[in-house]
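K.L.:
Following this message is one structure expressed as structure tokens.
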Amino acid sequence: MAIKKKVVVKKVVARPAPKKEFSKKPIVAAKKDTAPAVAGKKQIQLLRGMKDILPRDQYYWKTVFEAAQRMSEDFGFNRIETPLLEEASVFMRGVGKQTDVVEKEMYVFEDRDMEKVALRPENTAAVVRAYLQHGMWNQPQPVKLWYFGPFFRHERPQDGRQRQFHQFGLEVIGDASPVIDAMVIQMTYLLYTELGIPVSVQINSIGMPEDRTRYKMELVQYYRSHRATICETCKARLMKNPMRVLDCKEDSCQPIKANAPQIVDYLSNESRDHFMKVLEYLDELGIPYFLNHTLVRGLDYYTKTVFEVVTSDEEQGSQTALCGGGRYDLLVEELGGKPTSACGVAPGIERLISQMKKRQVPLPARRTPQVYVAQLGDLSRRKAMVLFARLRAEGVMADQDFSKGSLKAQLESANANKIPYAFVIGQKEVQEGTVIMRDMDSGVQETVDFNKAPQILKRKLGLDKSVE
Ligand code: HAM
């Protein structure tokens, strides 16, 4: 039977506070999120474009990581982790020397052995490097890999654009079938919608290099006929990488872009059939998509299908690209392997979390402590530490403030955190080998055997039916 028991509270002797030396300098309020300045010490700040991921945001990151992991495992993908630092040529050859990512944004330097190395700006090329280096072509194909980690691009920082950012990525290597493209798009679509973000897919086919040769000639000719109107960037792109003119965001170039020749009209039968099949699969899956003939993507390795997943910002009447992907049937060969088809995608995590916050997406319920372990004085603190460890070993989540001495403060903390039970150990309980178990809602207390306490609590919580 439950009995009411008076809690033993140790007397706390109040000591006078030590005298403080007060500075004569005026007190200046510290800026939000910065520590008060100490005279003579310059406070070190983050590098531009870098961000700390603080404890207050960690639950978003955990939720997204777990959703990405579950999605990958459900579709039979295995995780791969490649180093943050690679030989620069992985990306120069893989992504392309004339892409913005390599030419303008990559963190590249010589290390102490004078080797030219780069902080990875993306992972597709590095995953293909690993696929080749570890002989994964010998395994049953396709090899399906996923990753989650940080990437680096020296871009101009702005909303949704950082110098260190994170991607979740999927790469399917060793299969040319259009069903792979559709599966990668389906997984991406499911990830966003399951996390509460309404999205649609912008899709295009840029064919194979042979398809593009004739198209590029037509495109250059068309743009040259508008030379007087197009922006300087487009003029430069026409010389170096003509299809990137379709990426131009300048207002003056938009009417020219809208009437430009379309790549789909230049695709070979094989490329066109592939694209049609991908679209048929998406129709079957009910995934909303829009054909976007100006979508070309900024990385050189793409062939055939390219896509981006976008979400609408109703307030601003604009669309935000959340991720990009596509097929890269020539990259394995480019990095020294035999011809091997592949396809993948990489959702940006910061942009995803920013959407979850903007849309106030509810996060899954957190694990919360089921019991609070309170103690009174040094001897009982030792026992409380033992009890805490035993509870943990039994799978019961407990909370504690072992550095606190006041029982009132400890029980208030348990109440504030809505913890249903508390164990209280005072000197009397230490001597008797017992512990007080308190129902925090009703205030009812009972004294239980110290060694049996975890089991008795588990029974109360409905976690262990075996104890009488
Ligand atoms: P990407 O379009 O360069 O593609 O990047 C994919 C996503 O990463 C972007 O849509 C965005 O969400 C995020 N992202 C890129 N740069 C930044 C940045 N500076 N700050 C914040 N987020 C950023 C790739 O990286 C390809 N490797 C995707 C892929 C995988 N294609 C085939 N497989």
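The values are calculated or read from the model by the stated rules, or taken from the named source; none is laboratory data. Just so it is clear, the structure is predicted and the values come from calculations on it, not from any experiment. Neighbour counts run over all protein chains shown; Cβ positions are idealised from the backbone, glycine included. All accessible areas refer to the heavy atoms of the entire protein, side chains included, with ligands and DNA or RNA removed. Shrake-Rupley method; radii C 1.70, N 1.55, O 1.52, S 1.80 Å.
K.L.:
In percent, how large is the relative contact order of the stretch 371-461, given Cα pairs closer than 8 Å and 6 or more residues apart?
P.N.:
30 percent
K.L.:
Sequence neighbours fewer than 8 away in the same chain don't count; with that in mind, list the aspartates and glutamates whose C-alpha is under 13 Å from K418.
P.N.:
By straight Cα distance, K418 reaches D399, D439, D441.
K.L.:
Report the semi-axes of the equivalent ellipsoid for the stretch 283-419 in whole Å, largest first, where each axis is √(5λ) for an eigenvalue λ of the Cα gyration tensor.
P.N.:
Calculated on Cα positions only, the semi-axes equal 55, 22, 12 Å.
K.L.:
Oh, and also: How big is the shadow of the Cα convex hull of the stretch 92-240, averaged over all directions, in nm²?
P.N.:
Orientation-averaged projected area of the Cα hull: 13.0 nm².
K.L.:
When the Kirkwood radius is taken over all Cα pairs of the stretch 40-171, what Stokes-Einstein diffusion coefficient follows at 4 °C and 1.567 mPa s, in µm²/s?
P.N.:
78 µm²/s
K.L.:
OK, next. With Rg and the Kirkwood Rh both taken from Cα atoms, where does Rg over Rh land for the stretch 171-269?
P.N.:
That ratio is 1.07, to two decimals.
K.L.:
Leaving out same-chain residues fewer than 8 places away, which aspartates and glutamates sit with a Cα under 20 Å from that of K62?
P.N.:
Excluding near neighbours in sequence, the set is D52, E73, D74, E81, E194, E350.
K.L.:
Could you work out the equivalent-ellipsoid semi-axes for the stretch 344-468, taking the square root of 5 times each eigenvalue of the Cα gyration tensor, largest first, in whole Å?
P.N.:
35, 17, 14
K.L.:
Can you list residues whose amide H is under 5 Å from Q162's amide H, if they're 5+ apart or on another chain and H is modeled 1.01 Å from N?
P.N.:
Distant-sequence amide H within range of Q162: zero hits.
K.L.:
Under 14 Å from the Cβ of D441, count the other residues' Cβ atoms, weight Lys and Arg +1, Asp and Glu -1, and hand me the total.
P.N.:
+2
K.L.:
Give the carbon-plus-sulfur fraction of the accessible surface of the chain in %, rounded to a whole number; probe 1.4 Å, heavy atoms of protein chains only.
P.N.:
51 percent
K.L.:
Now a separate question. Among M187, M114, M276, what's the order by accessible area (1.4 angstrom probe), most exposed first?
P.N.:
M114, M276, M187
K.L.:
Of D74, D441, which has the most accessible area with a 1.4 Å probe, and how do the rest follow in descending order?
P.N.:
Largest accessible area first, the residues go D441, D74.
K.L.:
Now, a different point. Check the straight Cα-Cα distances from K428 and name the aspartates and glutamates below 15 Å, setting aside those fewer than 8 residues away within the same chain.
P.N.:
Excluding near neighbours in sequence, the set is D378, E446, D449.
K.L.:
Mind checking Rg over Rh on the stretch 165-214, alpha carbons, Kirkwood formula for Rh?
P.N.:
Here Rg/Rh amounts to 1.06.
K.L.:
For the full complex of protein chains and a 1.4 angstrom probe, list T188, T368 by accessible area with the highest value first.
P.N.:
Ranked list, largest accessible area first: T368, T188.
K.L.:
Same structure again: For the chain, count the residues as N, evaluate 2.2 N^0.38 Å, and divide the Cα radius of gyration by that value, please.
P.N.:
1.33
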